[in-house]
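Below is one structure, written out as structure tokens; comments come after it.
The values are calculated or read from the model by the stated rules, or taken from the named source; none is laboratory data. Remember, it's a predicted structure, so these values are computed and weren't measured experimentally. Positions of Cβ are generated from backbone atoms using ideal geometry, with glycine treated the same way; all protein chains shown enter the neighbour counts.
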Amino acid sequence: MKSDDIHNFSSQPLWGKRVSDTLPHVIAGPCSAESRSQVIETAKALKAIGVSTFRAGIWKPRTYPGHFEGQGERALPWLVEAREETGMYIGTEVGLAKHVEATLKYDIDFVWIGARTTSSPFAIQEIAKALQGTGIPILIKNPPAPSMDIWMGAIERFIEAGHTQIALIHRGFDIGLPRALRNAPLWEMTEEFRREIPQVPIYLDPSHIAGKSELIKPFLQIAIALKYDGVMVESHIHPNDALTDKAQQITPYQLSQCIDSTLQKPSGNSDTGTLQLLRDEMNGIDERLMLLLSQRRKLSQKIGEVKAEMGVTPFQEGQYQYKIGQLAQLANTYDIPVELVRSLYEAIHNDSVSIQDK
Ligand code: PEP
Ligand code: MN
């Protein structure tokens, strides 16, 4: 880490007060502001279930071109109207200085930095400068790649620009594997942020981690179990008609059911939440093991072909002994019982020899 400023930095409370010590702060709203009526209806329904903070994307950073890219500046008056109707705080994603300038004209209450933007130091620098002097809360999502440095670098840029109302949003990471979840959560990384910079609140974004509406509830339980300071959830009055992130949005009514059955009963549910979390993490590790094993078997096939061309037999005693010694050292480094590594390797090696025999 470059500077000590981050350790001396003391975040002010983002929203004045938390609802309670056990209930994380809930930010909710549609992935995108699509129309005036969609914004107003969603905001009213969310307000009715007790949500105080409204999100809606206006400039949508799409991974591929040719998709709905948001309504742009014309949607800002809809958010302002939602604030006037409901008294909620309103916020949107900014990715460029010109987005900041537009939102400031409408006196927006908070902004967040999207995952893709967090990865770009130029954009972060520009946004941090454009927001100088406003004092509005800035929530910084993790970058898509699992790099603590890129995320921390973005946070430091905001702090060095003089911002004090800062929070993080964990929205999961692209770890480049086939996976059940849209983005893999890395709980260890947010735990480390909590140890490093305990004064910065951390939010969980179950929507972009899960990618599916039916998985929002377990991740809300996890937010409780891991004592996240808040959650940011995508909620749309008619999810089936959503122009972006249709599969993961839930109605305000569904959100209230999730909140009733999880968030308001923290003690009764935290164990289930924690267990679910640990199982998810274990499933992710198992999937990575499977992927590696399948890559290894394909490589073994190639090696078999090369050996056949060279007239070398699949099993080579010297190579086998060398491998056993090397693995014993690795077992030591990674603190795995040597016997476990030996027996696993024997099974893998036998499979490999039989692949090459063919
Ligand atoms: C969003 O919040 O709608 C969004 C685009 O999220 P992310 O930056 O996490 O992909
Ligand atoms: Mn979204």
When you check Tyr106 against the structure, is it touching a helix residue (DSSP H, G or I) at 6+ places or on another chain (Cβ under 7 Å), over 25 Å from Phe193 (Cβ atoms), surrounded by fewer than 18 Cβ atoms within 10 Å (Cβ to Cβ) and of a type in the set (Phe, Trp, Tyr), yes or no? yes
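May I ask you to list the residues in segment 90-103 that are under 20 Å from Ile27 (Cβ atoms) and not small (Gly, Ala, Ser)?
Taking segment 90-103 as the starting set, the residues that turn out to be under 20 Å from Ile27 (Cβ atoms) are 90-95, 99-100, 103.
Correct list: Ile90, Thr92, Glu93, Val94, His99, Val100, Thr103.
Does any residue of segment 75-88 turn out to be of a type in the set (D, E, K, R) and either touching a Cys at 6+ places or on another chain (Cβ under 7 Å) or over 29 Å from Ala223 (Cβ atoms) (or both)? Talk me through it step by step, then tell me what you get.
As a first pass, look at segment 75-88 and keep what is of a type in the set (D, E, K, R): 81, 83-85.
Then drop every residue that is not either touching a Cys at 6+ places or on another chain (Cβ under 7 Å) or over 29 Å from Ala223 (Cβ atoms) (or both), which leaves 81, 84.
Checked against the condition, which is being of a type in the set (D, E, K, R) and either touching a Cys at 6+ places or on another chain (Cβ under 7 Å) or over 29 Å from Ala223 (Cβ atoms) (or both), segment 75-88 yields at least one hit.
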Can you name every residue in segment 156-189 that is in contact (Cβ under 8 Å) with a residue 40 or more places away in the chain and more than 16 Å from ligand 1 (Cβ to nearest atom)? Glu156, Ile159, Glu160, Thr164, Gln165, Ile166, Leu177, Pro178, Ala180, Trp187
Filtering segment 28-80 for residues that are among the hydroxyl-bearing types (Ser, Thr, Tyr) and either within 10 Å of ligand 1 (Cβ to nearest atom) or at pLDDT 95 or above (or both) leaves a count of 5
Specify the residue that is nearest to ligand 2 (Cβ to nearest atom); the eligible residues are those in segment 90-119 that are part of a strand (DSSP E or B) and in contact with a Ser or Thr (Cβ under 9 Å, 6 or more places away or on another chain). Glu93
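Are there any helices (runs of 4 or more DSSP H) wholly within segment 120-235 with 1 or more residues that are within 16 Å of ligand 2 (Cβ to nearest atom), and if so which?
Values: elements: 121-130, 148-160, 187-196, 206-210, 216-225.
Because the criterion is at least 1 residues that are within 16 Å of ligand 2 (Cβ to nearest atom), the helices (runs of 4 or more DSSP H) in segment 120-235 that meet it are 206-210, 216-225.
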Taking the criterion of being under 23 Å from Cys258 (Cβ atoms) and either part of a helix (DSSP H, G or I) or touching a residue at least 60 places away in the same chain (Cβ under 8 Å) (or both), would at least one residue in segment 56-72 satisfy it? yes
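Gln254: assigned to a helix (DSSP H, G or I), at pLDDT 90 or above, surrounded by 15 or more Cβ atoms within 10 Å (Cβ to Cβ) and not aromatic (Phe, Trp, Tyr), yes or no? First the steps, then the outcome.
Numbers: assigned to a helix (DSSP H, G or I): yes; at pLDDT 90 or above: yes; surrounded by 15 or more Cβ atoms within 10 Å (Cβ to Cβ): yes; not aromatic (Phe, Trp, Tyr): yes.
Against the criterion (assigned to a helix (DSSP H, G or I), at pLDDT 90 or above, surrounded by 15 or more Cβ atoms within 10 Å (Cβ to Cβ) and not aromatic (Phe, Trp, Tyr)), Gln254 qualifies.
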Identity of the residue in segment 297-320, surrounded by fewer than 13 Cβ atoms within 10 Å (Cβ to Cβ) and outside any helix (DSSP H, G or I), that ends up nearest to the chain's Cα centre (by Cα): Thr313
